[in-house]
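Chemist: Sharing a structure below in C-alpha cells format, with a few things to ask.
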Amino acid sequence: MGFLDFFRRQKLPRTAPGLREIFHGFQELLAANNEALALMGDLEEKLAGRHAVDLKSLRAAVAALDVQIRNLVASLLKMSGGRWPELHEVRGRIQEALSERLAAHPPLPAGPPLVRLEEATPDNLASLGGKAANLARLIMDLKLPVPPGVVATFSAYRLFVEQKISRNGKSGTLQEAVQARLAKLDYGNPREVEAAADDLQALMLAQPVPEELARALLAEARRLASEPGRSLVVRSSGALEDTAATFAGLYASFLGVPAEEVPARWREVAASQFSARALSYYHDQGIAPQDSAMSVLIQPLIPAQAAGVMFTTDPESCLPDRLIINAVWGLAPDLVGGKVSPDAYLVGKRQGEVLEARRGWKSYRLVPREGLLVEEPLDPDMAEAPVLSRDDCRKLSGLAQILEDYFGYPQDVEWLKDEQGNLVIVQSRPLRLTEVRARLCRALAGVETDAEVLLREGLPASMGVAAGPVHFLKGDQDLAEIPAGAVLVAPRTKPILAPVVPRLAALVTDVGSPTGHLALIAREYGIPALVDTFNATALLPEGETVTVDAFNVRVYRGRVEELLRFQPSRQPQLERSPLYEKLQSVADLIVPLTLVDPRHPSFRPENCRTYHDIAYFAHEKGIQVMFGLMDQVSLGKVPALRLLKLKTPLPLNLHLVDLGGGLASHKSPVPPEDILSIPMRALWQGISHPGISWAGPVPVNMGGFLHVLGQAAIRPPENFWDKTYAIVAANYVNYACRLGYHFQSVDCYCGPTQGENYLNFNFKGGAADELRRIRRAQLIAMVLERLGFEVERHLDVIRARFRKRPQPEMEERLDLLGRLMAYVRQMDMLMANEDLVHLLAERFLAGHYERPGEENGSLIKDEKA
C-alpha cells in the first residue's frame, strides 16, 4: 500500500458489522496479538538455548500459539466484515505444515556400523549419539586427553532392529514389533508401563546380535583390551543423550566388561532404552521412543588413582569465573550415583586457585579386579588425605576453560586421573543450570566497574552483554550500510530493520516494546537489545565503542571486560541434536518476519509465510480498519449509534458516539466533564487548552488570504465548520475533524497494557497555495518528531504514529497533539516563508501558543514582498 493510498479508505462489505461489534473485535485482536507475541518470544528463548526445551513443551507452545493466531484471524474478519478471508487458508496451511514437522520422526543418521573415536569425522558425528559425539569432538578439534574407543553407531542399531522375527504367528521386523507394542501403551497406568517395559526388553534380549555385527564388535573389543588384564566400559550414547536432555543414569552402562562379552552387553544397552524409567522419561519429556535410537560407546576401563565430576560454572552462584570439582579415590560410579561423600573444591577458573576446599568422608575406593569393580578399603592416612593437589585443580581449571570456550556453554565433566597422574576426560555434556538469567542478573549487579555509565534507562528486550561502536540509524539509510558488529541506535523499533539484526552486536532504541516484532527478532538471534530508553539517540556518542548490559539496563563507555565475560552463549549441543533440528524447523514457520513494510504492494494475506507474518498483517490491518471507521459511519456503511453533541463554546460541531464506557451521560449536549474515555479526555484537554485562542479571525498574510478567497470561489465547502465526529470507549477514541479545506484525524487506544497502546494521527489539505500548505505540514511534522512520533510526510499530507508507550505518556502526547491540532488551524495562510516553520515549531514546543500577529493584529510579510 502506497503512502497516499492510506487515505483512500477501503470500503467495507455491505454486510459490515456494527460499531460495537467492530470495537469488540478490535479488543480481541489486540489481546490475541499480545499473547501471540509473548509465545513467540518464549520460543525464541528456547531457540537461543536460554530456555529449556523438550518435545512436550514445544508441542504445547505451538498449540497455544495456533489458538492465538486463529483468534487473531477471527477477530480481524469479525471487525472488518469478512475482509481478507484468505488468512484462514494461509493459517491452516502453516498449521498443517507445523503438525507435520512436529510429528515427523527424523531418519537415523547414516554411517558405518562401527566408528573409532579417534577416526571420527564431521560427516559421521551425527551417527555416534550425543555422548560419543562430544568426546569425538574433543579428540578431533581440541586434541584433549580422551580414552580411545569405538562406537557402535545408529547403523549398527538399525541392523539389529531391522532383522526379521516371528511373533504371535506374525512375521515382520523387530522394529515393527516394538512399535506395535508401544502403540497400545497407556502411559498414565504405571503397571501398564512396567508390563510394556518387561515385554519390550525381553523381546530385544531374545533376538541375536547379527552375526556380522557381533564379529566386528568382538574384533574391536579385543583390540581395545589387548593389554593383559584389561577390561572394557560399555556405555550408552543415545540419539538425544547429553544434548537436548540429560538422560542421566537412565540407560544401562557396564564397567569391567571382558572383550568376549561385549556383543551381549551391547544388546543390553540397546534394550535399556525401553526400561520403565526410560519410557516414563520419554513421556514426561514429550519424546517419542522412536526418536531414541541407541549408539553404544566401548572404551578400555582405565585404572584410576582418582576420579570425579567438574561443573565448569558454579551452579549455585552462576559466577562464570568459578567452578566446582568433586573427587574421590579410585573410580567414580558411586560418586555419580550419590553413594559417597566426595572432596569438594571451589576453584577460580582463570588462575586455577583453590578458593575453598571441603574434605569428604571416604572409607573405600572402587578398583577393577577380574572383570568386576570391587570396594577396596582405604587406610586411615589415605582416607584423610585430599584427593587432589592444587596443581590438579589448576590443570582441571584449564580444561574447564577450554571446554566452555569450545562448547559455548557451562559443562558437566566426568574426569579421571590415571595411575601415571594424567588427567583424562571421559564425558562432557551441557550443565543444566536453572534460572541462569536471574542469577546472572544478581551476579552482574554485584560487579564493580569504574566504567562511565552513559545510559541507565529503558527495558530489556533481549538479554545479553555485548560491545561495539555506536552507529546511528539515519532516516532512510540503506540497511546494507550498517556495519557488522555495531551497536545500532535508532529512534524506534521498526520491523523493516529485521534483516540487519543478525549482524549487530546490540540494539538500542529510544522507543519500543519488549513484545514488539523487532524485539522478537533480536531474541531469535541472541542479540542484546534495550528499548524504551527515551534518549539513547541523544546520549550515546556515534562511532565510540560502548558496552550494552541488557541484564541490568546499562550502557557503558568503552569495553567493560568484567561484564563481557557474562555473555551467555547459544548452546551448540542443542544445535546438533535431533530435537534442535525439530525446534528449528518449527521455528522457521513461526518466528521469521518476511512482511515488514505495510505500504508495499506485497503486504497481502497470500504472502504470509509464517505465524509472525500473520500476526503483523492482522495487527496492521486491524488498526487500518479502526482508522477508516469514521468515514464508514459518515457514509452510512457502518450502522451508527446515537449521536450526542458535545457542549462547547469552541466553533466545533462535535458529535460523539459511545461504544461503552466513554461517556458518563447520554443526554445531548454532553458537557466535557462527562467524557470518561481516557484518550478522548486527554485529546479534548489539548484541543480546548486555554492558551490557544479559537475566537476571532486568524491573523493572515495577505497573499495567503487572497489564495483562500480564490479557492473558496472555485470549491466552496458545504459548511466551513463541518461536523466533527468522535467514536469513544473507555480506552479508545476515533476522532475525525474537517475544518474548511483541511482534514485531521486521530485513532488511539490508550490503556494499562503498554503493548496494546497506539496513537495514529493523519492530516491533509488546506486552502492556501501548495507551498504554504507544505510549510504547515513541515511545521506539524517537526513538532511531532520532537515529541517522539514516527512521521511520514508527502507534500501537505502527514501520517504519524506513536505506539506501545505507557498510559500516562500516551495521555500526555494526546494532550499535546490536541493543542497542535488547534494551533495549526488555518495556519497555512500564515506560512509566508521557511523561517516560520522553525520559529513556530520552537514556540509551540516551548508552550507559547500565540501565533505571530495575534499580539498586535499585524500581517506576516510575504517572502516575495
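The values are calculated or read from the model by the stated rules, or taken from the named source; none is laboratory data. Remember, predicted model here, so these are calculated numbers, not experimental data. Note: ideal-geometry Cβ built from the backbone for every residue, glycine included; neighbour counts use all protein chains shown. For the accessible areas, the whole protein counts, side chains as well, though only heavy atoms, and no ligand, DNA or RNA atoms are used. Shrake-Rupley method; radii C 1.70, N 1.55, O 1.52, S 1.80 Å.
Chemist: How many residues are touching a residue at least 60 places away in the same chain (Cβ under 8 Å) and open to solvent by less than 40 Å² (accessible area, probe 1.4 Å) when one looks only at region 183-206?
Modeler: Qualifying residue count for the region: 6.
Chemist: Strands (runs of 3 or more DSSP E) wholly in region 709-749 with at least 1 residues that are surrounded by fewer than 17 Cβ atoms within 10 Å (Cβ to Cβ), out of contact with any Leu (no Cβ under 7 Å at 6 or more places or on another chain) and modelled with pLDDT under 70 - which ones?
Modeler: 723-729
Chemist: Looking only at region 346-365, filter to residues that are part of a loop (DSSP other than H, G, I, E, B) and more than 28 Å from Glu376 (Cβ to Cβ); which one of those is most open to solvent (accessible area, probe 1.4 Å)?
Modeler: It comes out as Arg350.
Matching residues to (1) modelled with pLDDT of 95 or more; (2) exposed (fewer than 14 other Cβ atoms within 10 Å of the Cβ); (3) over 33 Å from the mean Cα position of the chain (by Cα):
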| site | (1), (2), (3) |
| --- | --- |
| Leu372 | no, yes, yes |
| Leu378 | no, no, yes |
| Glu404 | no, no, no |
| Gly408 | no, no, no |
| Arg429 | no, no, no |
| Glu435 | no, yes, no |
| Cys441 | no, no, no |
| Ala445 | no, yes, no |
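Chemist: If you scan region 461-502, which residues turn out to be out of contact with any helix residue (DSSP H, G or I) (no Cβ under 9 Å at 6 or more places or on another chain), open to solvent by 40 Å² or more (accessible area, probe 1.4 Å) and modelled with pLDDT of 85 or more?
Modeler: Correct list: Pro469 only.
Chemist: Just to be sure before I move on: is Arg843 in contact (Cβ under 8 Å) with a residue 24 or more places away in the chain and among the charged types (D, E, K, R) in the structure I sent?
Modeler: So Arg843 does not fit the description; no.
Chemist: Is it the case that region 330-339 has a residue that's open to solvent by less than 50 Å² (accessible area, probe 1.4 Å), within 16 Å of Asp392 (Cβ to Cβ) and in a loop (DSSP other than H, G, I, E, B)?
Modeler: Within region 330-339 (the criterion being open to solvent by less than 50 Å² (accessible area, probe 1.4 Å), within 16 Å of Asp392 (Cβ to Cβ) and in a loop (DSSP other than H, G, I, E, B)), the answer is yes, since at least one residue qualifies.
Chemist: Which members of region 98-134 meet the condition of being farther than 20 Å from Gly149 by Cα and surrounded by fewer than 19 Cβ atoms within 10 Å (Cβ to Cβ)?
Modeler: Within region 98-134, Ser99, Glu100, Arg101, Leu102, Ala103, Ala104, His105, Pro106, Pro107 meet the criteria.
Chemist: Name the pairs whose Cβ atoms lie under 6 Å apart, with the first residue in region 81-107 and under 25 Å from Phe23 (Cα atoms) and of a type in the set (A, V, I, L, M), the second assigned to a helix (DSSP H, G or I) and open to solvent by less than 20 Å² (accessible area, probe 1.4 Å), and 6 or more positions between them or separate chains?
Modeler: Every condition considered, the pairs that remain are Leu87/Val73; Leu87/Pro605; Val90/Pro605.
Chemist: Sticking with this structure for a sec: Gly857 - would you say it is in a loop (DSSP other than H, G, I, E, B) and at pLDDT below 95?
Modeler: yes
Chemist: Which members of region 515-533 meet the condition of being modelled with pLDDT under 85 and either of a type in the set (A, V, I, L, M) or more than 17 Å from Leu488 (Cβ to Cβ) (or both)?
Modeler: Listed by number, the residues that qualify are Thr515, Leu518, Ala519, Leu520, Ile521, Ala522.
Chemist: State yes or no: is Ser569 at negative phi, open to solvent by 30 Å² or more (accessible area, probe 1.4 Å) and modelled with pLDDT under 90?
Modeler: Yes.
Chemist: Residues of region 158-174 being modelled with pLDDT of 90 or more and either under 39 Å from the mean Cα position of the chain (by Cα) or of a type in the set (Lys, Arg) (or both), which ones?
Modeler: Arg158, Lys164
Chemist: Oh, and also: Among (1) in a loop (DSSP other than H, G, I, E, B); (2) of a type in the set (Lys, Arg); (3) in contact with a helix residue (DSSP H, G or I) (Cβ under 9 Å, 6 or more places away or on another chain); (4) at pLDDT 85 or above, there is one condition Arg559 misses while meeting the rest; what is its number?
Modeler: Among (1) in a loop (DSSP other than H, G, I, E, B); (2) of a type in the set (Lys, Arg); (3) in contact with a helix residue (DSSP H, G or I) (Cβ under 9 Å, 6 or more places away or on another chain); (4) at pLDDT 85 or above, Arg559 violates only (3).
Chemist: Another question, then. Scanning region 186-205 for residues that are assigned to a helix (DSSP H, G or I) and among the charged types (D, E, K, R), which turns out farthest from Leu174 (Cα to Cα)?
Modeler: Applying the filter and picking the extreme gives Arg191.
Chemist: Can you tell which of Ala304, Ala270 is open to solvent by 10 Å² or more (accessible area, probe 1.4 Å), farther than 16 Å from Arg181 by Cα and at pLDDT 90 or above?
Modeler: Step by step, each of Ala304, Ala270 is checked, and only Ala304 is open to solvent by 10 Å² or more (accessible area, probe 1.4 Å), farther than 16 Å from Arg181 by Cα and at pLDDT 90 or above.
Chemist: Right, something else. Quickly run through region 760-813 and pick out the residues that are within 17 Å of Phe743 (Cα to Cα), touching a strand residue (DSSP E or B) at 6+ places or on another chain (Cβ under 8 Å), assigned to a helix (DSSP H, G or I) and open to solvent by 30 Å² or more (accessible area, probe 1.4 Å).
Modeler: Arg773, Gln778, listed by residue number.
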